[in-house]
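The values are calculated or read from the model by the stated rules, or taken from the named source; none is laboratory data. Because the structure is a prediction, the values reported are computed rather than measured. Neighbour counts are summed over all protein chains in view; Cβ atoms, including those assigned to glycine, are modelled from backbone coordinates with ideal geometry.
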Amino acid sequence: MIWKRQLSLDEINRMGAESMVANLGIVFTQLEEEQLVAVMPVDNRTRQPFGLLHGGASAALAETMGSMAGYLFSGEGQSVVGTEISASHHRAVAHGVVRGVCQALHLGRTQQVWEIAIYNAQGKRCCTARLTTMLLG
């Protein structure tokens with residue numbers, strides 16, 4: 001297991017209450033040994049004016065997941081900050097729910113790189129994001 005902090009899904013989801021995470025409807029659904037999974041609705045909160053999932057909402061989901069993964073990987077007295085994010089959008093999503101799967105690409109002493117794959121309801125990849133985080137403290 002890569003996680004240094006032992007939190008339940010309920011505790012993780014409570015951390016996002018009263019923030020953009022809750023406003024976008026992001027909910028963490030699985031915490032596995034080496035991956036973190038969350039879902040986000042494709043609705044009026046996350047669609048752009050043309051009716052499709054907003055690329056910024058996908059990036060917000062990826063940043064949320066990678067930052068939480070970085071936090072779970074951090075030790076007592078440490079905090080995590082994102083330093084770079086990139087996202088490639090592969091297919092449009094107009095409705096339903098998207099599911100993000102976050103896995104580590106690199107886990108260093110002070111820097112981590114996380115890949116967040118976002119899938120539509122049919123299980124097809126619609127976005128691939130990469131977030132670099134840095135541990136402080």
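Observations on the model:
- The residue of the range 111-137 that is surrounded by the fewest Cβ atoms within 10 Å (Cβ to Cβ), among those that are at pLDDT 95 or above and part of a loop (DSSP other than H, G, I, E, B), is GLY123.
- Scan the range 47-99 for residues that are over 16 Å from ALA117 (Cβ atoms), aliphatic (A, V, I, L, M) and either in a loop (DSSP other than H, G, I, E, B) or modelled with pLDDT under 95 (or both) and the total you get is 3.
- Residue within the range 21-35 that is touching a Lys or Arg at 6+ places or on another chain (Cβ under 7 Å), outside any loop (DSSP other than H, G, I, E, B) and aromatic (Phe, Trp, Tyr) present: no
- Some residue of the range 90-97 being at negative phi, touching a helix residue (DSSP H, G or I) at 6+ places or on another chain (Cβ under 8 Å), surrounded by 12 or more Cβ atoms within 10 Å (Cβ to Cβ) and in contact (Cβ under 8 Å) with a residue 12 or more places away in the chain: no
- Cβ-Cβ under 6 Å pairs, at least 6 apart or on other chains, the range 45-72 side closer than 16 Å to CYS126 by Cα, far side aliphatic (A, V, I, L, M) and assigned to a helix (DSSP H, G or I): THR46/ALA57
- Matching residues in the range 27-45 - criterion: being touching a helix residue (DSSP H, G or I) at 6+ places or on another chain (Cβ under 8 Å) and charged (D, E, K, R): ARG45
- The residues listed here are GLY25, GLY16, GLY100, GLY82; of these, the one that is without any contact (Cβ under 8 Å) to a residue 24 or more places away in the chain and either surrounded by fewer than 19 Cβ atoms within 10 Å (Cβ to Cβ) or among the small types (Gly, Ala, Ser) (or both) is GLY25.
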